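Report on the following structure.
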Amino acid sequence: MNGGEGRRRLAARASAGKGAAAHRSAGARRRLARGGGEVPLDRLTTRGRLAWLNSAGSRIGTTLDLERTAQELAEFTVPRFADGAAVDILESVLRGDEGARWTGTGTPLMRATALCAVETLSSLEPTPVGETTSANAEEAHETLLHRYCLRQGRPVLVSRMRHDDFVKVAPTERAAAKMRAAGVHSYLAVPLIARGLLLGSADFVRGPGTPPFSSTDLALAEQLASQAAVYIDNARLYGREREHVVSLQRALLPRATPVTPGLRVHSEYAPSAAHHGVGGDWYDVMALPGGRTALMVGDVMGHGLPAAATMGRLRTVARTLMTLDMAPERVLARLDLATRDLEDEQVATFLCAVFDPADSTYTLASAGHLPPLLLDGQGSAEFVDVPVGAPLGAGVIPYDPIRLKVPRGGSLAMYTDGLVKARHADIDDQLDCLRTAAHGLAPEALEAGGLIGCAPADAARFDEAVLLVARTESEDAADLREWQLPEGGRAASVARHLVTDQLATWDLTELADVFELVVSELVGNALRYGNGPGRIRLLRGDRLVVEVSDTGPDLPQIQHADLSDEGGRGLQLINMLCRRWGSCRTVTGKVVWAEQNLPS
């Protein structure tokens, strides 16, 4: 070979080398562009791949939302590891149940949970997110490779897909044709297994411009799937716990509000979407004797199951105390003692209001709770200046009540701090926003829970919220009668005459004999033990109620009367003749009441 020929061959080799290098650098530029500037894993060293795998801990499982965790897994692998990724989760796992090893002849019910792909594979037709794959699949699809992955709990690798392999991967014939047309050439499926239990599977594909999956990629995918399965299982466990706490919370709240005279009450409970937002907010509505209504709203500080359990205990104690017809400030004092007796040393805020339809007044007492909002029905909205006592459990008593008159058609809104509390926002500013929102709401929208939806902090609310709206109605004056009784021995005869005449007016003469005896005993006790009767009230609602007030300090109790005793049987007769009876203290003394069912 002469010198000229040798130089020509060296030039040809150099030209060919430059062309190959140019081709490789162009391919690298395309893949870097698809990866947003990140180097594909097949171009990294073993140390680089391990670093990528370690970074999964900061990019997968950032929340305790199961679907979001699955989506983070898919997005983490595309495009550095695969050109397309799909994550399917067992339907039972999405419901919060344990995973399982599948031993049936078919496949477990799965739900497509997450998808991610590069732009060049956007034409593919995987199972849409949210749809399920039936365990009773068609015979033509019984050979799908990911079904083998689920049944055996082992990975499946098809490095170079042949023509018949596409129908084993795609959910439909049309989807298989789309994969062929898009140039998909490699497939990898790995099971998601945590604590030895199957949770789902992750499928990966590669298309034009990327090398086939290798055994190294398979090992990397198995390690990644093992990590991701733990995050998914944690999200499942949290979701189940949160569902249990929310279920307990709702079970401890009233299922329905009672119908009370002169008042229409609407309640709303809005759990928070935050992972720590379920706690101890509660409310209660109770019908009290004499047509009165007790409204209660409380908030146990803290979150989770302990706060919900404490809430249930406090609500039970509060209902028991209100059943005794105690004044709101006395209820708070007793609740404070009960809270201090709890082993977990919880602290709670509480707001109690008792509505009397006779004069449309509320008696309110607060234990560190936010002030209620009063709307007069004419466009005005102002916070009620209730004396704020210490929270329950702090050990600082007594509590001071306030008496508030509400105009007809006015509303009182009681709520917990979750309705106004927001991150990086001043509570006073949020309260002003709440008042402004309430000012612009129609009464119907307010009663329908409009403050939950339009409060400024709603979108950023990270705590649960309770809303209780009570609207006064125009009570029919014909259903309520009240008289001042004279002093001395004539009080009993005057009371009997007034009650029997009124029962005749109401066409309730069949109850006249019973109530004539009941009124005689109540007025007689007031004369003997209560410094004389004051007023007598007769109320016709769901039941017929009679009340007699006096200035005596002692509450009556049923006594055991011997056969030779001439007295001491009056309350026993009332207890036998009436549906129920009771007494409660007032500012000036006490009230003794009895109620009877109306004739059908």
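The values are calculated or read from the model by the stated rules, or taken from the named source; none is laboratory data. The shown structure was predicted, so the numbers you read here are calculated from the model rather than taken from an experiment. Quick reminder, even Gly has a Cβ in these numbers, built from the backbone with ideal geometry, and neighbours come from all protein chains shown. What goes into the accessible areas is simple: the full protein's heavy atoms, side chains included, and nothing from ligands, DNA or RNA. Shrake-Rupley method; radii C 1.70, N 1.55, O 1.52, S 1.80 Å.
Please state which one of Pro171, Pro191 is in a loop (DSSP other than H, G, I, E, B) and not β-branched (Val, Ile, Thr).
After ruling out the rest, the residue left standing is Pro171.
I need the full set of residues from segment 509-544 which are β-branched (Val, Ile, Thr), open to solvent by less than 70 Å² (accessible area, probe 1.4 Å) and over 11 Å from Val591 (Cβ atoms), in order please.
Matches in segment 509-544: Val514, Val518, Val519, Val523.
Looking at (1) in contact with a Pro (Cβ under 7 Å, 6 or more places away or on another chain); (2) within 23 Å of Leu480 (Cα to Cα); (3) surrounded by 13 or more Cβ atoms within 10 Å (Cβ to Cβ), find the lone condition where Gln596 falls short.
With (1) in contact with a Pro (Cβ under 7 Å, 6 or more places away or on another chain); (2) within 23 Å of Leu480 (Cα to Cα); (3) surrounded by 13 or more Cβ atoms within 10 Å (Cβ to Cβ) applied to Gln596, the lone miss is (1).
Which condition breaks for Arg242 when tested against (1) closer than 25 Å to Arg59 by Cβ; (2) modelled with pLDDT of 90 or more; (3) touching a Pro at 6+ places or on another chain (Cβ under 9 Å)?
Going through (1) closer than 25 Å to Arg59 by Cβ; (2) modelled with pLDDT of 90 or more; (3) touching a Pro at 6+ places or on another chain (Cβ under 9 Å) one by one, Arg242 breaks only (2).
Tell me, yes or no, whether segment 360-376 has at least one residue that is open to solvent by 50 Å² or more (accessible area, probe 1.4 Å) and out of contact with any Gly (no Cβ under 6 Å at 6 or more places or on another chain).
no
What about Ala477, is it open to solvent by 40 Å² or more (accessible area, probe 1.4 Å), modelled with pLDDT under 75 and not charged (D, E, K, R)?
yes
Going residue by residue through segment 202-214, is there one that turns out to be part of a helix (DSSP H, G or I) and either open to solvent by 10 Å² or more (accessible area, probe 1.4 Å) or at negative phi (or both)?
no
Restricting attention to segment 243-263, which residues are under 21 Å from His303 (Cβ atoms), touching a residue at least 40 places away in the same chain (Cβ under 8 Å) and open to solvent by 50 Å² or more (accessible area, probe 1.4 Å)?
Selection gives Glu243, His244, Leu248.
Counting only residues that are in contact (Cβ under 8 Å) with a residue 12 or more places away in the chain and of a type in the set (D, E, K, R), which one in segment 399-431 is surrounded by the fewest Cβ atoms within 10 Å (Cβ to Cβ)?
Arg423
Quick one: in segment 435-453, of everything that is of a type outside the set (A, V, I, L, M, F, W, C) and in a helix (DSSP H, G or I), which residue is most open to solvent (accessible area, probe 1.4 Å)?
Glu444
Restricting to segment 166-201, name every residue that is in contact with a Phe, Trp or Tyr (Cβ under 7 Å, 6 or more places away or on another chain), touching a residue at least 12 places away in the same chain (Cβ under 8 Å) and either of a type in the set (Val, Ile, Thr) or buried (at least 19 other Cβ atoms within 10 Å of the Cβ) (or both).
Val169, Met179, Ser186, Leu188, Leu198
Quick check on segment 320-335. Is at least one of its residues open to solvent by 10 Å² or more (accessible area, probe 1.4 Å), touching an Asp or Glu at 6+ places or on another chain (Cβ under 8 Å) and part of a loop (DSSP other than H, G, I, E, B)?
Checked segment 320-335: no residue is open to solvent by 10 Å² or more (accessible area, probe 1.4 Å), touching an Asp or Glu at 6+ places or on another chain (Cβ under 8 Å) and part of a loop (DSSP other than H, G, I, E, B).
Please count how many residues of segment 552-594 are aliphatic (A, V, I, L, M), at pLDDT 80 or above and in a loop (DSSP other than H, G, I, E, B).
1
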